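Working notes for the structure below.
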Amino acid sequence: MVSPNPSSVLCLSSLFLIWFLCVAEEASFSTPKVTKIGHGYRLISVENTRDGALVGLLQVKQKNNIYGPDIPLLRLYVKHETENRLRVYIIDAKKQRWEVPYNLLPREQPPVLKQNIERSRKNPISVVSDYSGSEFIFSYTSDPFSFAVKRKSNGDTLFDSNSDESDPFGPLVFKDQYLEISTKLPKDASLYGLGENTQPHGIKLYPNDPYTLYTTDISAININADLYGSHPVYMDLRNEGGKPYAHGVLLLNSNGMDVFYKGTSLTYKIIGGVLDFYFFAGPTPLNVVDQYTSLIGRPAPMPYWAFGFHQCRWGYHNLSVVEDVVENYEKAKIPLDVIWNDDDHMDGHKDFSLNPINYPREKLLNFLDKIHSIGMKYVVIIDPGIAVNSSYGVYQRGMDNDVFIKYEGEPFLAQVWPGAVYFPDFLNPKTVSWWGDEIRRFHELVPVDGMWIDMNEASNFCSGKCTIPKGKVCPSGTGPGWICCLDCKNITSTRWDDPPYKINASGVQAPIEFKTIATSAVHYNGVLEYDAHSIYGFSQAIATHKALQGLQGKRPFILSRSTYVGSGKYAAHWTGDNKGTWEDLRYSISTMLNFGIFGVPMVGSDICGFYPAPTEELCNRWIEVDAFYPFSRDHANYYSPRQELYQWESVAESARNALGMRYKLLPYLYTLNYETHISGAPIARPLFFSFPSYTECYGISTQFLLGSSLMISPVLEQGKTQVKTLFPPGTWYSLFDLTNIIVSKDGTYVTLDAPLHVVNVHLYQNTILPMQQGGLISKDARMTPFSLIVTFTAGTTEGEAKGNLFLDDDEMPEMKLENGYSTYIDFHATVEEGTVKVWSEVQEGKFALDKGWVIDTINVLGLTGSVALPIIKGVSNVNVSTSEHKYLYGQGDGEKKIVMVGLKGLNIPLGKKFALSWKMGS
């Protein structure tokens, strides 16, 4: 909830530069000419520590004052922290510098080392040497200092900072407010990550596109610009002789930075902090994300209901409107689990308050009792800005506890929706306690089920140093609420507000303090906003998560707009203020897939677009794709026409179709939720995660996978009733019609029919997919009988399929086995010499047995012949059927009939292991 009326002169977010008009959306980014800033450093000492690390001292070769003076002496620390993770850490040898706080992002802390600097200078070294671990070899050159990271198994160079005359970059630079380091890259490397930004060329990084990282409230309609999150991590996927190798590189630094990707090189230009690199060996994409999230924190477990459908709008003026929305979804038979309020429920836009006229507490509580009784949930927005109002209890308690960010010794004054506000300092332990107490007080007022933390980049309608104007009301209550009405003056007198190097902020080198907190403002313990800016939303998410977990004793649900490395451990994310355009629909897929790589797998977009009005056709197609995003929510702007899915009958039909399938897939989605929590595996994934050897899919951004084997291929263009779909090698079955089969021998594109209400979803071979019968609310859907879809390679005589299922009491804060409130099942199936076997292995079966869950149906796909003799111990009255598969593309052995065998009426208790088998006849 930030964007202005789209009819205003600005087509960007309300918080963007006043002078930056619509044409800036297409402004080109010209890469600056290569200027080699310094002459680098020489390694003057190197030794091993007792715990096996490598430490050294680096001395600047020749000083200059471009972007400020060089730091003369640096400390190098290198360690193989695990078998598949290498850390390269370069800091000022004499003075402590800002780093991402270890209490926010727990990790191994390097020891305090005291090398004898004078002795080191007298014993210079001039060697090239290697430091080897299980998966990596770290090598260095002493003068000028550079380093390389190689894969031990094949000798491939993954990172190489060595600079020579032919390279478009210079050697290492380390100044107080400017750090620069580069790496060479092979031409055929495919890179992904470096976000958050809207990437017009798709998920794969595109040479010479700008990648600026600095959390900013400009709407997601701005392509190639720094948006709400900062994730300085990339994945590099290479194919060498038909064998894929992936690795990951994280630069753990929260300061603003530009990253220049040239195709054969990548250069970081950072305005502060330290160089703290982590390398992850892979070698598969899934391995990379596993290793990455093992460092930054595993993704938070989400409650079951969070995978249902969500409805929100900025502009539900009163409670009766919200009640009508819920009623109309039920009338239209469209699933709905969660109803949201933007700030309409608040009293004067103030956090933790209720509008006594439009949302009277007694009526709201009655409404919540009603929806809670049927399993629905309620989520509201909370912005960080606290209204400056002496009669406002939240403000009073905040002042009493001294919890706000300071400027020149006083709380920093800004303006957001309530008018004048102060920003809580979530780096202060007192603030975390105060915030938790305010959430507790609000929950006693309104028993919400989750919290939506927005505007936390942090967003400010004003810039500079401001005061509350005398003699006028601010805001006036008329006109746009995002226009600054405080009396403000620019702050350019400090090197923090006007640093020597200008990152490409907002795509136009905007001042870094523009429409946010002044970067010379001060946090707890003297930390500058200049350094901590991009972790503001991250620190708020941690505080909110702690408050909800301690308050409810339940699994928290938090949606955060601003994110940083590690945010996925606490919160979900949505892609921000998008447009109701076909381009934005396409862009949303890339952003969603990127966040899976970033370790924030619970992600989705504003369905149909945040503003302006979408077309009916676009809204049809958007719900068809977003029904399969991990987080599925319809959300619209205050000024946009109503766009709930029942507003058009055609959209309602598409919603019933797509969301109907989503609700059948909830067991699968929830199992993926468990997998991401224990291994980091993204819920929604690029195709190359499952097919890393198939290079054709490396750049695909118009299709995606849920888990390893469910592929969604949506229509993303106006007027199209067909979709050109890439099918990686293997057999694929249509989920909406299991008899339809596509055999892609070596990988191929197939044009599929896709009328207005149809989305193509295909299931890959060798998979066992658990499903249920669906429903209008997840609470009801999850109590329906289960079915299993078992897929084999079409016509195979020998095959094996696998799948799994995790079930638990999703109110429990933790998501794990062995707590008495969960069940985990591995499903197996084989076909061999005409015998088909399906069986299960169960861990902690009591929970599922107590719930009374049963398997009613098993469909086995891709078999040859007909069922000769089912042998199903302990099961009677089973209805056995066969259906012949139809080839939509490809063909099998012309003499073989390929069939699906269906077993219905099994009534197998889910919590007990079972085994069944039968022979296929000729």
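The values are calculated or read from the model by the stated rules, or taken from the named source; none is laboratory data. Since the structure is predicted, the reported quantities are computational estimates derived from the model, not experimental observations. Note: ideal-geometry Cβ built from the backbone for every residue, glycine included; neighbour counts use all protein chains shown. For the accessible areas, the whole protein counts, side chains as well, though only heavy atoms, and no ligand, DNA or RNA atoms are used. Shrake-Rupley method; radii C 1.70, N 1.55, O 1.52, S 1.80 Å.
Could you list all residues from the stretch 155-167 that are part of a loop (DSSP other than H, G, I, E, B) and either under 10 Å from residue 183 (Cα atoms) or among the charged types (D, E, K, R) (or both)?
156, 161, 162, 163, 164, 165, 167
Select, from 548, 618, the only residue that is over 24 Å from residue 455 (Cα atoms), more than 15 Å from the chain's Cα centre (by Cα) and either outside any helix (DSSP H, G or I) or at pLDDT 95 or above (or both).
618
Could you count how many residues in the stretch 841-853 are open to solvent by less than 80 Å² (accessible area, probe 1.4 Å) and either in a strand (DSSP E or B) or under 27 Å from residue 552 (Cβ atoms) (or both)?
Count: 5.
From the set of residues in the stretch 67-118 that are β-branched (Val, Ile, Thr), open to solvent by 30 Å² or more (accessible area, probe 1.4 Å) and touching a residue at least 60 places away in the same chain (Cβ under 8 Å), which is farthest from residue 134 (Cα to Cα)?
117
If I ask for residues that are under 23 Å from residue 457 (Cα atoms) and either among the aromatic types (Phe, Trp, Tyr) or crowded, with 24+ Cβ neighbours inside 10 Å (or both), which ones from the stretch 200-221 would you list?
Correct list: 211, 212, 213, 214, 215, 216, 217, 218, 219, 220, 221.
Out of the residues in the stretch 758-816 meeting the condition of being open to solvent by 30 Å² or more (accessible area, probe 1.4 Å), acidic (Asp, Glu) and under 29 Å from residue 552 (Cα atoms), tell me which one is modelled with the lowest pLDDT.
The residue in question is 811.
Each row is one residue, and each column tells you yes or no for (1) outside any loop (DSSP other than H, G, I, E, B); (2) hydrophobic (A, V, I, L, M, F, W, C).
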| residue | (1), (2) |
| --- | --- |
| 35 | no, no |
| 38 | no, no |
| 44 | yes, yes |
| 47 | yes, no |
| 57 | yes, yes |
| 63 | no, no |
| 66 | no, yes |
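Can you spot a residue in the stretch 871-883 that is at pLDDT below 95 and buried (at least 19 other Cβ atoms within 10 Å of the Cβ)?
So far as the stretch 871-883 goes, no, none of its residues is at pLDDT below 95 and buried (at least 19 other Cβ atoms within 10 Å of the Cβ).
For the stretch 420-440, check the following and say yes or no: at least one residue is basic (Lys, Arg), surrounded by fewer than 20 Cβ atoms within 10 Å (Cβ to Cβ) and in contact (Cβ under 8 Å) with a residue 12 or more places away in the chain.
Yes, that holds for at least one residue.
For the stretch 148-160, how many residues are buried (at least 22 other Cβ atoms within 10 Å of the Cβ) and in contact with a Ser or Thr (Cβ under 6 Å, 6 or more places away or on another chain)?
1
Which of (1) out of contact with any Gly (no Cβ under 8 Å at 6 or more places or on another chain); (2) farther than 30 Å from residue 66 by Cα does residue 566 not meet, given it meets every other one?
Of the numbered conditions (1) out of contact with any Gly (no Cβ under 8 Å at 6 or more places or on another chain); (2) farther than 30 Å from residue 66 by Cα, the odd one out for residue 566 is (1).
Report, by residue number, each residue of the stretch 273-284 that is out of contact with any Lys or Arg (no Cβ under 8 Å at 6 or more places or on another chain) and more than 30 Å from residue 175 (Cβ to Cβ).
Once the filter is applied, which keeps residues that are out of contact with any Lys or Arg (no Cβ under 8 Å at 6 or more places or on another chain) and more than 30 Å from residue 175 (Cβ to Cβ), the stretch 273-284 yields 282, 284.
Would you confirm, using the coordinates I've provided, whether residue 226 is open to solvent by less than 10 Å² (accessible area, probe 1.4 Å), assigned to a loop (DSSP other than H, G, I, E, B), touching a residue at least 24 places away in the same chain (Cβ under 8 Å) and of a type in the set (Asp, Glu)?
When the stated conditions are applied, residue 226 passes them.
Being at positive phi and within 18 Å of the chain's Cα centre (by Cα) is the filter here, so list the residues in the stretch 221-248 that pass it.
Selection gives 224 alone.
Looking only at the stretch 389-419, which residues are among the small types (Gly, Ala, Ser), more than 20 Å from residue 539 (Cα to Cα) and open to solvent by less than 10 Å² (accessible area, probe 1.4 Å)?
Within the stretch 389-419, 419 is the sole residue that qualifies.
Given the options 166, 190, name the one that is open to solvent by less than 10 Å² (accessible area, probe 1.4 Å) and over 19 Å from residue 42 (Cα atoms).
190
Determine whether residue 648 is hydrophobic (A, V, I, L, M, F, W, C) and surrounded by fewer than 20 Cβ atoms within 10 Å (Cβ to Cβ).
Answer is yes for this residue.
Out of everything in the stretch 308-330 that is in a helix (DSSP H, G or I) and in contact (Cβ under 8 Å) with a residue 24 or more places away in the chain, what residue ends up being most open to solvent (accessible area, probe 1.4 Å)?
Taking the candidates together, the pick is 330.
Test residue 538 against the criterion of being touching a residue at least 24 places away in the same chain (Cβ under 8 Å), aromatic (Phe, Trp, Tyr), farther than 21 Å from residue 670 by Cβ and not in a helix (DSSP H, G or I), and give yes or no.
no
Looking at (1) of a type outside the set (A, V, I, L, M, F, W, C); (2) buried (at least 20 other Cβ atoms within 10 Å of the Cβ); (3) in contact with a Ser or Thr (Cβ under 8 Å, 6 or more places away or on another chain), which is the only condition residue 823 fails?
The failed condition is (3).
Which residue is modelled with the lowest pLDDT, if the candidates are limited to the stretch 479-517 and must be in contact with a Lys or Arg (Cβ under 7 Å, 6 or more places away or on another chain) and not charged (D, E, K, R)?
Across the stretch 479-517, the extreme among qualifying residues is 491.
In a strand (DSSP E or B) and either open to solvent by 20 Å² or more (accessible area, probe 1.4 Å) or at pLDDT 95 or above (or both): is that true of residue 140 in this structure?
Here the answer is yes, as residue 140 does meet what is asked.
Quick one: count up the residues across the stretch 269-305 that are assigned to a loop (DSSP other than H, G, I, E, B) and within 19 Å of residue 257 (Cα to Cα).
Final tally of qualifying residues: 4.
Quick check on residue 129: is it at pLDDT below 95, out of contact with any Cys (no Cβ under 9 Å at 6 or more places or on another chain) and not in a strand (DSSP E or B)?
It is false that residue 129 is at pLDDT below 95, out of contact with any Cys (no Cβ under 9 Å at 6 or more places or on another chain) and not in a strand (DSSP E or B).
With the checklist (1) crowded, with 18+ Cβ neighbours inside 10 Å; (2) part of a helix (DSSP H, G or I) in hand, flag the one item residue 555 doesn't pass.
Single failed check for residue 555: (2).
Among the numbered criteria (1) on the phi > 0 side of the Ramachandran plot; (2) buried (at least 19 other Cβ atoms within 10 Å of the Cβ), which single criterion is violated by residue 890?
For residue 890, the exception is condition (2).
Picking from 547, 543, which residue would you name as being open to solvent by 10 Å² or more (accessible area, probe 1.4 Å) and farther than 24 Å from residue 212 by Cβ?
547
Conditions tested, residue by residue: (1) of a type in the set (Val, Ile, Thr); (2) touching a residue at least 24 places away in the same chain (Cβ under 8 Å).
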position	(1), (2)
705	no, no
715	yes, yes
721	yes, yes
731	yes, yes
734	no, yes
746	no, no
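Would you mind finding the one in 838, 860, 867, 831 that is in contact with a strand residue (DSSP E or B) (Cβ under 7 Å, 6 or more places away or on another chain), modelled with pLDDT under 95 and surrounded by 19 or more Cβ atoms within 10 Å (Cβ to Cβ)?
Testing whether each residue is in contact with a strand residue (DSSP E or B) (Cβ under 7 Å, 6 or more places away or on another chain), modelled with pLDDT under 95 and surrounded by 19 or more Cβ atoms within 10 Å (Cβ to Cβ) leaves just 867.
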